[in-house]
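Shown next, in structure tokens, is the structure this report addresses.
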Amino acid sequence: MLYPQGTPIFIARAVVSGMRKEGEYTLEPMPQLDIKKEAYEAAVPDRLRAFPPNEKEHYQNPSDIPLKPFKHKLQYDAESVFWLLLWWAILACPVEDTSPAHKEIDQRYWAALTSKQDENCDLRQLFLLHTSPRGLVHPVYEPLQLLLKEMAKQLRGDHEQGMDPSRRKDDYLHEVFQRLILNFLFTRYDEPFMTAQKAPDSRKPPGMEEPLSSNQINESRASAAASSRNVPSETSRNNPSGSSHKRKRSDKDASGDSSDPNGGCHKSVSTVSCVSILLFTSRLYTETSQIMHSHYGIDGHGEGVQKSF
């Protein structure tokens with residue numbers, strides 16, 4: 001098992017396993033833009049030429065293929081963006097909803113996301129195999145599952161193993177995600193869920209007495225990271241009973257710490273802001289924001305109105 005650095009929940013699966021897994025795989029084609037191609041080409045003139053349309057491909061690995069020696073790749077960063085967005089979407093709870101039923105995370109998804117991953121088992125595959133799992137996110141944010149679904153489909157295979165030369169470019173998956181997210185932001189920027197503010201407390205797994213606070217989320221992530229290295233976390237050392245999730249929140253938790261670990265997004269950010277932040281931290285801010293703002297009058301926070309074509 002590798003883990004050169006980072007939090008296991010968000011690390012690319014190939015880095016966790018250290019290999020390309022045996023099996024049959026499908027590579028989805030490069031997404032086509034819902035917005036006018038002229039606008040995209042004007043902002044980033046080389047991208048459409050560098051990544052032309054391609055076809056769906058199928059390939060098979062008859063056995064596991066070790067990734068030795070290990071080499072960091074941009075596609076691993078792109079996959080991490082997906083896991084960050086998924087984490088934010090699962091935990092996000094809007095301010096206006098007070099229904100207890102909507103504030104509980106399905107135990108299957110919580111276990112799949114937070115369980116220890118290694119070369120033999122990575123339960124995060126659940127999110128890639130199920131195209132539209134029910135109850136994955138809060139009902140207010142359900143439209144976000146359409147984006148997650150399209151991103152997940154692109155992660156079911158290794159594009160480097162495709163026959164199309166453009167798939168083997170380092171930033172191929174970055175371009176895929178950029179187009180998917182850009183389409184999503186452009187077509188849905190004015191829908192209510194895109195500006196729904198996130199509550200200070202996050203949704204919680206079954207059996208937890210109170211919603212997850214920022215400190216508890218930090219502890220959960222630290223525990224997952226420590227277990228992957230077989231090192232006890234601060235939480236487990238200070239609380240051997242493992243009951244940290246049932247403790248009362250501190251005054252700092254209750255007042256709402258301004259730093260929120262939910263994928264790097266502030267606790268109260270809207271959906272459009274979080275999607276934008278996660279995209280932009282993946283080296284795509286300049287290209288996407290230039291297109292959204294210059295050609296459509298939409299900025300990174302979902303503000304502005306669509307300009308006429």
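The values are calculated or read from the model by the stated rules, or taken from the named source; none is laboratory data. Bear in mind that the values here come from a model prediction, so they are computed numbers and not experimental data. Note that each Cβ is placed from the backbone with ideal geometry, even for glycine, and that neighbours are counted across all protein chains shown.
Of all residue pairs spaced 6 or more apart or on separate chains, those with beta-carbon atoms under 9 Å, a first member in segment 59-87 that is under 18 Å from LYS153 (Cβ atoms) and a second member that is surrounded by 14 or more Cβ atoms within 10 Å (Cβ to Cβ) and among the basic types (Lys, Arg) are GLU79/ARG13; TRP83/ARG124; LEU86/ARG124. Looking across THR131, THR114, one residue alone is in contact with a helix residue (DSSP H, G or I) (Cβ under 9 Å, 6 or more places away or on another chain), at pLDDT below 90 and over 30 Å from PHE51 (Cα atoms). It is THR114. Is segment 89-101 home to any residue that is free of Cβ contacts under 8 Å to residues at least 60 places away in the same chain, of a type outside the set (A, V, I, L, M), closer than 15 Å to PHE177 by Cα and surrounded by fewer than 17 Cβ atoms within 10 Å (Cβ to Cβ)? No - not one qualifying residue is present in segment 89-101.
I need the full set of residues from segment 118-149 which are touching a residue at least 60 places away in the same chain (Cβ under 8 Å) and closer than 27 Å to VAL95 by Cα, in order please. Residues satisfying the conditions are HIS138, TYR141, LEU144, LEU147, LEU148.
The set of residues in segment 141-156 being surrounded by 19 or more Cβ atoms within 10 Å (Cβ to Cβ) and either among the basic types (Lys, Arg) or farther than 14 Å from PHE82 by Cβ (or both) consists of TYR141 alone.
The helices (runs of 4 or more DSSP H) falling completely within segment 1-99 that include 2 or more residues that are small (Gly, Ala, Ser) and over 20 Å from the mean Cα position of the chain (by Cα) map to 37-43. Confirm whether HIS159 is closer than 22 Å to VAL16 by Cβ, touching a residue at least 12 places away in the same chain (Cβ under 8 Å) and within 15 Å of the chain's Cα centre (by Cα). It is false that HIS159 is closer than 22 Å to VAL16 by Cβ, touching a residue at least 12 places away in the same chain (Cβ under 8 Å) and within 15 Å of the chain's Cα centre (by Cα).
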